[in-house]
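Participant: Structure in structure tokens, see below.
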Amino acid sequence: MRVAVLNGPNLNLLGIREPEIYGTTTLAEIEARLEEVGAELGVTLLFSQFNDEGRMLDAIHNCRGVVTAALVNAGAWTHTSLAIRDAFTAVSLPYVEVHLSNIYAREPERRHSWLAPGAMGIIAGFGADGYELALRGLVRALGGAPSGAR
Ligand code: DQA
């Protein structure tokens, strides 16, 4: 099974960005940990991060026929972009929504997610560990990762 790990704007700055909210783990460290978990689960991961929404939409379109599902932290686009949810729907790509912080316990403008209605599930509030939890949940929900499966 192949899974895309898509990160949105400003997440390239994890580690130095508002560490009291997002922690001190860098995106590279999150991806390295996911590689370990992916190896354990027999899942190949394709990582990308975007500060340009159009490029993120293109990346979702390009997932068609390439990956089985995605983990996505759309950052602030979570709260603004119906287009990202539409892109997942357009290519019939299941996804799990991830946030480091608990967006529902933050400012009012962060308490709505345009992605949530289409998500398999949501993990929020567990910091960097949320990505691993989301991957494990996604793989389990899809019935594991039999060898040779896409
Ligand atoms: C975030 C939460 C968003 O509100 C914020 O804009 C981010 C990060 C999170 O992971 O907690 O960029 O998605």
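Participant: Which count do you get for residues in region 30-64 that are surrounded by 14 or more Cβ atoms within 10 Å (Cβ to Cβ), over 15 Å from the mean Cα position of the chain (by Cα) and either more than 19 Å from residue 133 (Cβ to Cβ) or charged (D, E, K, R) (or both)?
Facilitator: Result for region 30-64: 1.
Here's the yes/no breakdown for (1) modelled with pLDDT of 95 or more; (2) touching a Lys or Arg at 6+ places or on another chain (Cβ under 8 Å); (3) surrounded by 14 or more Cβ atoms within 10 Å (Cβ to Cβ):
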| residue | (1), (2), (3) |
| --- | --- |
| 105 | yes, no, no |
| 109 | yes, no, no |
| 112 | yes, no, no |
| 120 | yes, no, yes |
| 124 | yes, no, yes |
| 127 | yes, no, yes |
| 137 | yes, no, yes |
| 150 | no, yes, no |
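Participant: If you check residue 72 against the conditions, is it away from the ligand (no atom under 16 Å from the Cβ) and under 12 Å from residue 3 (Cα atoms)?
Facilitator: When the stated conditions are applied, residue 72 does not pass them.
Participant: Go through (1) in contact with a helix residue (DSSP H, G or I) (Cβ under 7 Å, 6 or more places away or on another chain); (2) within 16 Å of the ligand (Cβ to nearest atom); (3) touching a residue at least 60 places away in the same chain (Cβ under 8 Å) and name the single condition residue 23 misses.
Facilitator: Result: residue 23 fails condition (1) only.
Participant: For residues that are over 16 Å from residue 118 (Cβ atoms) and in a helix (DSSP H, G or I), scanning just region 47-69, find the one that is farthest from the ligand (Cβ to nearest atom).
Facilitator: Per the criteria, the residue is 62.
The values are calculated or read from the model by the stated rules, or taken from the named source; none is laboratory data. Everything numeric here is computed off the predicted structure, so don't read it as measured data. Note that we place each Cβ from the backbone using ideal geometry, even for glycine, and neighbour counts take in every protein chain shown.
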